[in-house]
Structure formats: structure tokens, C-alpha cells
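Each remark here refers to the structure printed beneath this line.
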Ligand SMILES: Nc1nc2c(ncn2[C@@H]2O[C@H](COP(=O)(O)OP(=O)(O)OP(=O)(O)O)[C@@H](O)[C@H]2O)c(=O)[nH]1
Ligand SMILES: [Mg+2]
């Protein structure tokens, strides 16, 4: 099961109690206080983890808690701190406070750590309350409560290139051919039911990035905005891509017109978020191994002024060219992004 949104209830551990205790030894009538401090409670910590692309664990166990700090003991023994509660999250998870709606964290890289809720401090033992006038204090502090809250987790996958297309256009076939991911492909619509991220690797001597992340998402159909098919919900997984690749089935199977397919896809993206149309895009004209495709391709180019890479996932034609094109474009987009970040700082 794929889950990309859920609500969790978390609490850091409370601090342990401070201890009231006195030194009791033979021939030592005024032993004095020796109650240790309580340990602090375990924090709730978010940890970026690139092994997963799913929030399903949090749907089934949405309540998480840090461990309480141990209470202080006599003979100056402080309590042990509570173990933190570590929430491993896929890269691209946005965490918002459910009560205020404010974003409190965004998980971007593997190993990133964010303390979401701080554990309570341990209470002081009576050793701290000794004064010149009260040398036998019968007083210690309770531990402070740990922070807690209700948070919404939303996963928007991080990828460089997002694939958009009607069902059966060949998105997963392409992912399979140019990355190591193994998505299912079949001749029925909606074979892909949730997003998959594949890595395109480039040789050492290629100019630019060494690897690009490719997001294969379920097919869109006309009326996806009214929740037809699987609807728009998976478009959030291409929101952060630098480049969108529209895969068009150029063979026009079942009386389809590839020119209209492209127009419908643009419309669906616009209905979801007009900003998606501002992203650089490229058309991958697929299934050129089929005889009908050549005629449609000419008509397509006449109607739509957009860069087209001609290819076939079946024969492998054009795949190298597409890979190179993706590398070239994403590398230059990333460079431009970096430059504009530097100039705005
Ligand atoms: N002839 C031919 N068939 C192809 C080509 N690419 C994909 N197919 C076939 O088209 C069908 C659909 O391919 P998929 O890769 O599953 O399509 P998809 O876009 O991922 O489809 P959904 O996951 O349903 O959205 C499969 O039967 C593929 O074998 C191609 O270049 N030529
Ligand atoms: Mg698919």
C-alpha cells in the first residue's frame, strides 16, 4: 500500500523525577542530601532516509512517543536519559503542525535530522536545594513534561525529471529501460498505481550530473481533476521536478489522436496547478516502431511547437538521445538555479 499523506500524534518523553535522599552511614549522623537528578526525556527526531518512498508505517502506527527519563536515585545517582523516538521519513516529506498549519520541517537529504519535540528536562534532586540555613532539604523537582503535538506528513517525492502521460503511453516501460527500477508494465490502463522513483546513471565522462532521479507516476486521463481515473493526487510527486517529460503514444491506438492527448495533459496539469506549465518540458514521442506513428508524428509537430524526442521503448531507438537530452537540460537548469540562489543571498 502506498501512502503519501497521514497525520501523526507524537510526544517526547517526560523528564524523570529528582530524588530526595540522605546519606546514611554508621557514625555519620549528618550525612546530608544525596538525591540525584532525573534523566531528561527522549526527543522525537525526524531522520531523512532515502531507502523508502512511502509513509505507510505512519498510517498504521500514527502515535509515537519518546521514552521517559529515569528518576533520580539516592547516593548521587542521576537517572538515565530516555531513548529518543526516531521517525525515519522518505526524502521530500513536508511536516506541518496540524493546529497552526505551519510547515515545521522539510526532509531533503539522507541522514538529515530535525528535533520535532524536545524531551522534558529531568527534575533536580535534593542535593541542589542545600543551603546554609537548610542543610537537609526535603525537596526535589518533578521532571518537566516532554513537548507533544499533532503533525501532518505529506510526501512530495524529490526527482529531477517527472513523467507525465496517459495510461499505456509507456511511462513505466521507459523507466524500466533507462533506470534500474523495475515498475510493472502491461497493456491495460492504470498498471502503475503509485509513484516510483528510478535513478538514471551516467558514465564518468558524461558532462554534468552523475545521476538523475526519474519519477514515474500513474497515468492521467481527461477529467482527472474531477477524480476520473486515479485523479490528480499523484501530481504532487512531480511538483518539485526540474523538467517534465510528456510521454505521448504516437501510434494513436484505439482511435486516439496524439495531438489531443498532449493538449489534454496540459489542461489537466493546469487545472491542478498552473505553475506546472511554467516548468521546462519535453515531449517523448513513443512507440515509433509501430507503422502508424510516423504519420501522427508529422501532424503532431505541425500543431504543437514543443521539443520532441522520437523514441521507442520496444526497439530502444532514441533512448540514448533522450537520456543525453535529460542530462543536458537538467544540468543547465540546476546551474541556473544555483546562480539565482547565490545572487539572491
Ligand atoms: N509497440 C510498442 N509498445 C510499447 C512501447 N512502449 C510501451 N509499450 C507497451 O505499451 C503498454 C503500456 O506500457 P506501460 O509502460 O505499462 O505504460 P504506462 O504509461 O506506464 O501505463 P500506466 O502505468 O497504466 O499509466 C505495454 O504493453 C508496453 O509493452 C513502444 O515503444 N512500442
Ligand atoms: Mg505505468
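The values are calculated or read from the model by the stated rules, or taken from the named source; none is laboratory data. Just so it is clear, the model here is predicted, and its values are computed rather than measured. So basically every Cβ, Gly included, is an ideal-geometry build from the backbone, and we count neighbours across all protein chains shown.
Summary of values
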| read-out | value |
| --- | --- |
| Residue in the range 315-336 that is surrounded by the fewest Cβ atoms within 10 Å (Cβ to Cβ), counting only those that are in contact (Cβ under 8 Å) with a residue 40 or more places away in the chain and within 16 Å of ligand 1 (Cβ to nearest atom) | 316 |
| Residue in the range 223-246 that is assigned to a strand (DSSP E or B) and over 16 Å from residue 268 (Cβ atoms) present | yes |
| Filtered residues of the range 157-179 (kept if within 18 Å of the chain's Cα centre (by Cα), in a loop (DSSP other than H, G, I, E, B) and crowded, with 22+ Cβ neighbours inside 10 Å) | 157, 159, 160 |
| Condition check for residue 4: touching a helix residue (DSSP H, G or I) at 6+ places or on another chain (Cβ under 8 Å) and touching a residue at least 40 places away in the same chain (Cβ under 8 Å) | yes |
| Pick from the range 247-262, criterion within 14 Å of ligand 1 (Cβ to nearest atom) and either part of a loop (DSSP other than H, G, I, E, B) or outside the structural domain of residue 293 (by TED's automatic domain parsing) (or both), ranking: nearest to the chain's Cα centre (by Cα) | 250 |
| Test: residue in the range 215-227 that is closer than 27 Å to residue 182 by Cα, within 12 Å of ligand 1 (Cβ to nearest atom) and surrounded by fewer than 20 Cβ atoms within 10 Å (Cβ to Cβ) | yes |
| Residue match in the range 137-151 (condition: surrounded by 17 or more Cβ atoms within 10 Å (Cβ to Cβ), in contact (Cβ under 8 Å) with a residue 40 or more places away in the chain, more than 30 Å from residue 84 (Cβ to Cβ) and in the same structural domain as residue 266 (by TED's automatic domain parsing)) | no |
| Candidates 339, 305 - the one that is at pLDDT below 90, at negative phi, in the same structural domain as residue 209 (by TED's automatic domain parsing) and away from ligand 1 (no atom under 16 Å from the Cβ) | 339 |
| Single residue of 247, 217 found to be touching a residue at least 60 places away in the same chain (Cβ under 8 Å) and in contact with a helix residue (DSSP H, G or I) (Cβ under 6 Å, 6 or more places away or on another chain) | 247 |
| Looking only at the range 26-52, and only at residues there that are in contact with a helix residue (DSSP H, G or I) (Cβ under 9 Å, 6 or more places away or on another chain) and in a loop (DSSP other than H, G, I, E, B), the one that is modelled with the lowest pLDDT | 32 |
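Listed here are the residues, each with its yes/no results for (1) over 24 Å from the mean Cα position of the chain (by Cα); (2) part of a strand (DSSP E or B); (3) within 16 Å of ligand 1 (Cβ to nearest atom).
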| residue | (1), (2), (3) |
| --- | --- |
| 110 | no, no, no |
| 114 | no, yes, no |
| 120 | yes, no, no |
| 124 | yes, no, no |
| 181 | no, no, yes |
| 187 | yes, no, yes |
| 198 | no, yes, yes |
